[in-house]
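Only the coordinates and a few stated rules stand behind these numbers; no lab work does. What you see is a predicted model; the values in this text were computed from it and never measured. Cβ sites come from the backbone with ideal geometry, for glycine too, and all protein chains shown count toward neighbours.
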Amino acid sequence: MSRLFLDTAGITGEDLTTELLKIILTDKKYSPFQKLFYNRFLQKTEFKSTEDFLFEVESQNVFEEGRPDLLIYNDEEVYCLENKFYADFSSKDQLIRYHTLLQNNDSFKKCSIKKVYLLTIEKRKKYYEYLIDSLLDSGSREDKKFSDLFEFIFWEDILELWKSDDCIINALQEYIYDLYIKEINFSSEEIMLLKDQNVPELLDKFYKLISQVRDEITKRGFVATSIRSSYKWWGFYIDLNKVKVWFGFGTDLWKMSDDFISPIGIQIQKSSVSNSMAADKIRNELEPLNFNIHSQLYWIKRYPLKEDELNAGHLADMLEVDLRTIYGIFN
């Protein structure tokens with residue numbers, strides 16, 4: 001668990017979920033979840049942890065045959081887990097190469113149990129079966145089919161088995177369900193919004209507005225980064241010596257469930273605070289400034305959507321007041 005941020009920094013999707021799975025399967029804190037996993041998916045009759053089985057759990061090891069997402073092994077058995085959501089195989093024979101790896105590599109020669117699993121979501125089962133079966137039919141293994149060489153593990157089954165109040169497992173569950181499992185459907189009202197050309201024009205205005213605020217605040221002597229963006233965030237950081245503050249536009253700000261609706265705000269992330277101020281002291285200092293704590297974003301303050309205030313000059317005025325106050329708190 002001590003390497004959580006080191007092991008997951010800058011990665012998303014299959015790589016991120018693979019590393020989180022590895023953390024859960026290696027950290028002693030999660031031994032009850034390990035026992036459930038091995039019993040259910042590796043068909044272990046004993047309820048034992050990774051340490052009990054003397055398993056090594058390694059991710060992204062490089063071999064001549066490729067780089068399996070996850071290897072679980074000891075002196076007697078080896079399991080290869082390849083994690084796929086919607087990506088195709090790195091080459092058509094990726095799983096077959098991993099099957100060959102377990103059979104022929106000197107590291108696993110003495111293992112009596114050797115299995116390759118495809119870790120995916122249920123609605124992708126038929127697609128991946130079709131890819132592998134088509135490849136086997138066209139090659140030298142026409143007498144084989146997917147189920148002869150490989151087995152499935154479904155993320156839905158793992159997440160159902162691991163239901164708990166643990167924050168890491170809950171975050172993993174939310175991430176996978178929101179990005180890969182949950183069906184995307186559009187209501188008639190949403191279709192009408194998509195047909196409304198004012199919507200993309202409005203978003204363009206927000207992007208341009210944030211860029212103008214950045215230019216304005218830079219003129220006032222603050223050190224700001226260039227605009228950084230993702231599909232949810234558009235904004236920049238301001239360096240205040242012992243703390244970095246983010247300002248910009250974010251769809252997650254827009255979706256916060258209260259009466260104050262605004263996609264523009266200022267954020268102080270816990271990781272950006274470089275001094276040792278206690279959380280209670282930070283809260284006591286920031287709450288009078290109308291900052292609210294958020295479980296994922298840390299401290300957030302949204303700026304009002306008023307016609308006479310929604311311009312670069314006025315937003316820069318409000319931002320400058322907050323920045324100078326925040327500087328005084330943390331320095």
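Some points to look at:
- For the residue pairs 182/232; 29/109; 84/145, the alpha carbons lie more than 23 Å apart in 29/109.
- (1) 43; (2) 51; (3) 36, with the label sought being that of the calculated percent of Cα pairs over 30 Å apart: (2)
- Against the chain, whose longest principal axis is taken from its Cα atoms, helix 198-219 shows a tilt of about 70°.
- Under 5 Å between amide hydrogens, built in the peptide plane, is the criterion, and for residue 153 it picks out 118, 119, 120 among residues at least 5 positions away or on other chains.
- Note on the range 92-223: Cα Rg divided by 2.2 N^0.38 Å, N the number of residues, gives 1.76.
- For the chain, the longest principal axis of the Cα atoms and the long axis of helix 312-330 meet at an angle of about 70 degrees.
- Nearest-0.05 FRET efficiency for residue 47 and residue 283, computed from C-beta distance (R0 30 Å): 0.10
- Inter-centroid distance (Cα atoms) of the range 62-109 relative to the range 188-228, Å: 45
- Projected-area mean, the range 9-129, by convex hull of Cα positions, square nanometres: 7.9
- Cα pair distances in the range 61-117, grouped into 5 Å bins until the bin that holds the longest one, percent each: 4, 20, 34, 24, 11, 5, 2
- For residue 171, neighbours were defined as the other residues whose beta-carbon sits under 14 Å from its Cβ, and their charges (Lys and Arg +1, Asp and Glu -1) total -4.
- Between residue 203 and residue 293, the contour length at 0.36 nm per residue exceeds the alpha carbon distance by 29.8 nm.
- The range 128-228: relative contact order in percent, alpha carbon pairs under 8 Å with at least 6 residues between: 9
- If R0 is taken as 45 Å, the Cβ-Cβ distance between residue 269 and residue 149 corresponds to a FRET efficiency of 0.45.
- Working from Cα pairs under 8 Å separated by at least six residues, relative contact order for the range 47-155 is 22 percent.
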